[in-house]
Each structure stands twice: as C-alpha cells, then as structure tokens.
Amino acid sequence: MRTVGLFAGSGALEAGLARSGHDCELLCEIAEPARRVLSARFPGVAIERDVSLMRHLPPADLLSAGFPCQDVSLSGPKEGFDGARSGLVREIFRLIDASPMPTVLLENVANIVRLHGGRWVEILARAFEERGYRWAYRIVDARAALPQRRERFFMLASRCLDPAEVLFADEVPDPAVPFCLGRDAVGFYWTRGASGLGWAPHCTPPIQGGSAKGIPSGPAVLLPDGRLVRIALGDAERLQGMTVGATEPAGGDGSRWRIVGNAVTLPIAEWIGGRLACHGRLAGVPERPMDVTPRTWPRAARGGPGTPRMCVEIGALPFWRDRLPISAFIGDAQPLSARATRGFLARADRGRMNFAPGFLDAVRAHLRAVEKDCGAGADLFDLAA
C-alpha cells in the first residue's frame, strides 16, 4: 500500500508499516524535534507541518494517524474531542472528505474506550459509517513482543477490505507467567507512590514522555538481585522496538522522552502492516450484538453502514514473541538516586496503597545501599523526584 501518515511523531507507526512492505508517500508532524527524527528516518519523504493547513491528501491506499491523546488519556483533562488537542481528529475526516482514502488506521490510548462511557469511540464509529466505511477496533498490548505493558487502541476503517480480517486475524492466550518478588523483575513509576504505581511484573509500565510532574524520565525496575534502577533513554528506545539512538536527531533529552513516550511500539505496527498485506479472519472468535446505546464500549468491536455493531471477545495479545528477560533491555539504566528513592518512600508512607509484601522493604534496602556507597550528600546532583 501507499501510505500517508498524519500526527506522525517519530514515525514508528509508519516505520512498522514500511517493514511490512508498505511505502510512505507523505508525513505530517508539527513538533520540530519529531520532524527532525522523521527526516532522518524517512529521507526523501515530504513532511507537512500543520494538518490544519493541509487542503488535500496525495493519492494513497492507507491513511495512518496516531492523533493526539492528551484529552482522552488518564492523566489529561479528559475533555475528549471537545479538547483542543484530541479534537484535531476532526482534521482527519475533513481531509478524507476532500481526498477519499480507501483505508484509514487510527491509534490512541486504550482509555478512549472507557472515557465517558466510550462516547468518543461512538463518534469515530458513526463518522466512519456515515462515510461508507466498515470499521473494527482492538486494544493491543506491546507485551506481545517486548517487556513493556503498553495497551493501545487501534481502529481500522475501510471501503475495500474487511477490517476485522486484519485486526482479528491473530490471538494467543496471555501466558500469565508466575511472579515472585525477589526472583523476578518488576517495573513501576518511581514518580508516584501515594496513589498509582503502574505495577508491571516481568516488564515496565508504559513508557511515558514525562511524569505527572512533567519530569522526563523512565520508570524504575526492581531487579531480582535487589538493585533498583531507572531506565535510560536508550533502554526506552529498545522497549519501543527502536534502535538505540533513533531519536537523537530530536536534540535534548526532554524532546526525546516525549517522542519515545508518544510512539507506537514498532513490532505492533509491523504486525498490523503484515496483516494488511495478508489478512484473513481468525475463526471461532466469540461475538455478540452491542446494545443500541451501550453504557460502555468493549475492548474490541466491529461495525459498518447498515450492519449491526458487534462486541468481539478477543484478547490484547495477537502473538507472543519469546524474549530475553527485561534486564537484557536495560543496559543503560542507572541506580535510582537516594533523593528519588526517599521521595517515593515518602509518598508511599503518606498514601493508602497496598504494596506487595516485601516491596517497600526492598526499596528501603536499595536506599541504604545507595547512601552507603555514595554518601547521603552525594545526591545534590540527582534529578528531583
């Protein structure tokens, strides 16, 4: 397929499609650091700056768009498409009205199916149906390929193929690997502790562009040997399926963290690209009709003009790729500083969260080790927690 990518960011979605044989014709991204990454990743491909200034799309077979998530994410203002950022999704429909596109692939955070009872998914589904598109969507987890728990919403709409034959073509059961603190690694957000934690056995929680306080940093990982480390930028790139240094053209670390945190996990995009090239629906996937006015939307569904909308009972793992333990992905990680560790423990003490038995003891042991090795005053140069 010839593809066009809007809200392209680092181009991970389009790069995954390209790995499956699809050719990128045009990209659009407004952030200058991300544009520099795109120029390095897609030499010779034209890059538009502002989607709102585009009047038409070039002839193509597929439009891909990871539209802004700020207004539909758990940590954002939750205004949905009424918000200034996520509301830019309307530009996609304006452009496909001006330049008909056979197939459209959207990506966003999984919270979009829960926010306001799934109101914003309803708006997307109705917009596609009004334009004659069949559609399907599914929550897919990056754990299929990498040790990062990262669920994302993918919606495919088409006038020429059955989207269900792409997004529902593969499924494997969750391996549900047993976890034992002290034997297995666990990832969490060290910038939290009083409420959310992002607890992620055998992996990290989702890589983010910044913490709740806007600090550009990676999550922490408590390793089986008791070391508590904070993943570095190169580690985050690995955990997104990128090559280390892929975001260096962006410039500073803050810009690079935002780009990596917003990116689509590359192996997931590659799987979608492969199924776009060779699709066929998985047999035996249970379905049931959706309520006419559902109070919540499911994690997977399909529909189209003149056809009933169906809930599809399919999991978040289309495949499961054997991989090394998470310690093999975090070669650049550094010990969590004494200051950051004390900040986390202080929030944990003030909060009312229930922690896994032995977890806080392991964090306190790490703090004692760091203070012993470096001295209590050595963290004057630490990043603030």
- Residue list for region 224-241, filter: part of a helix (DSSP H, G or I) and without any contact (Cβ under 8 Å) to a residue 24 or more places away in the chain: Glu237
- Counting residues that are within 26 Å of Gly343 (Cα to Cα), which strands (runs of 3 or more DSSP E) fully inside region 127-192 reach at least 3? 186-188
- Item | Residues that are farther than 24 Å from Trp199 by Cβ, β-branched (Val, Ile, Thr) and modelled with pLDDT of 95 or more, drawn from region 293-351 | Val312, Ile314
- Query: If only one of Val221, Val177, Val166, Val172 is buried (at least 21 other Cβ atoms within 10 Å of the Cβ) and either out of contact with any Ser or Thr (no Cβ under 7 Å at 6 or more places or on another chain) or without any contact (Cβ under 8 Å) to a residue 24 or more places away in the chain (or both), which one is it?
  - Reply: Val166
- Query: Considering only residues of region 32-59 that are in contact (Cβ under 8 Å) with a residue 60 or more places away in the chain and open to solvent by less than 40 Å² (accessible area, probe 1.4 Å), which is farthest from Thr3 (Cα to Cα)?
  - Reply: Pro33
- Task: Mind telling me which of the residues Leu26, Leu6, Leu62 ends up being of a type outside the set (Phe, Trp, Tyr) and open to solvent by 10 Å² or more (accessible area, probe 1.4 Å)?
- Result: Leu26
- Query: Filter region 298-349 for residues that are charged (D, E, K, R) and assigned to a strand (DSSP E or B); which is nearest to Arg183 (Cα to Cα)?
  - Reply: Arg302
- Does Gly187 meet the test of being of a type outside the set (Ser, Thr, Tyr) and on the phi > 0 side of the Ramachandran plot? no
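To keep it simple, each residue is scored yes or no on (1) within 20 Å of Ala157 (Cα to Cα); (2) at pLDDT 95 or above.
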{"position": "Glu14", "(1), (2)": "yes, yes"}
{"position": "Ala18", "(1), (2)": "yes, yes"}
{"position": "Cys24", "(1), (2)": "yes, yes"}
{"position": "Val37", "(1), (2)": "no, yes"}
{"position": "Asp50", "(1), (2)": "no, yes"}
{"position": "Pro58", "(1), (2)": "yes, yes"}
{"position": "Leu63", "(1), (2)": "yes, yes"}
{"position": "Phe67", "(1), (2)": "yes, no"}
- (1) open to solvent by 30 Å² or more (accessible area, probe 1.4 Å); (2) part of a helix (DSSP H, G or I); (3) among the β-branched types (Val, Ile, Thr): which one isn't true of Val292, the others all being true? (2)
- Out of all the residues in region 69-99, which are in contact (Cβ under 8 Å) with a residue 40 or more places away in the chain, open to solvent by 20 Å² or more (accessible area, probe 1.4 Å) and within 24 Å of Gly16 (Cα to Cα)? Cys69, Leu88, Glu91
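Every residue, every condition in (1) over 18 Å from the mean Cα position of the chain (by Cα); (2) assigned to a loop (DSSP other than H, G, I, E, B); (3) touching a residue at least 60 places away in the same chain (Cβ under 8 Å), yes or no:
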residue	(1), (2), (3)
Gln208	no, yes, no
Thr243	no, yes, no
Pro249	yes, no, yes
Pro267	no, no, yes
Glu270	no, no, yes
Leu282	yes, yes, yes
Val285	yes, yes, yes
Thr296	yes, yes, yes
- Would you confirm whether any residue within region 261-274 is open to solvent by less than 70 Å² (accessible area, probe 1.4 Å), small (Gly, Ala, Ser) and out of contact with any helix residue (DSSP H, G or I) (no Cβ under 8 Å at 6 or more places or on another chain)? yes
- Note on the structure: Only unsatisfied item for Tyr133, checking (1) modelled with pLDDT of 95 or more; (2) surrounded by fewer than 21 Cβ atoms within 10 Å (Cβ to Cβ); (3) within 25 Å of Glu313 (Cα to Cα); (4) touching a Lys or Arg at 6+ places or on another chain (Cβ under 8 Å), is (2)
- Note on the structure: Ala18 passes all but one of the listed conditions (1) outside any strand (DSSP E or B); (2) out of contact with any Leu (no Cβ under 7 Å at 6 or more places or on another chain); (3) over 26 Å from Glu151 (Cα atoms); the exception is number (3)
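The values are calculated or read from the model by the stated rules, or taken from the named source; none is laboratory data. From a predicted model like this one, the values you see are computed outputs, not experimental measurements. With ideal geometry, Cβ positions are generated from the backbone for all residues, glycine too; neighbour counts draw on all protein chains shown. To get the accessible areas, we keep the full protein, side chains included, count just its heavy atoms, and leave off ligands, DNA and RNA. Shrake-Rupley method; radii C 1.70, N 1.55, O 1.52, S 1.80 Å.
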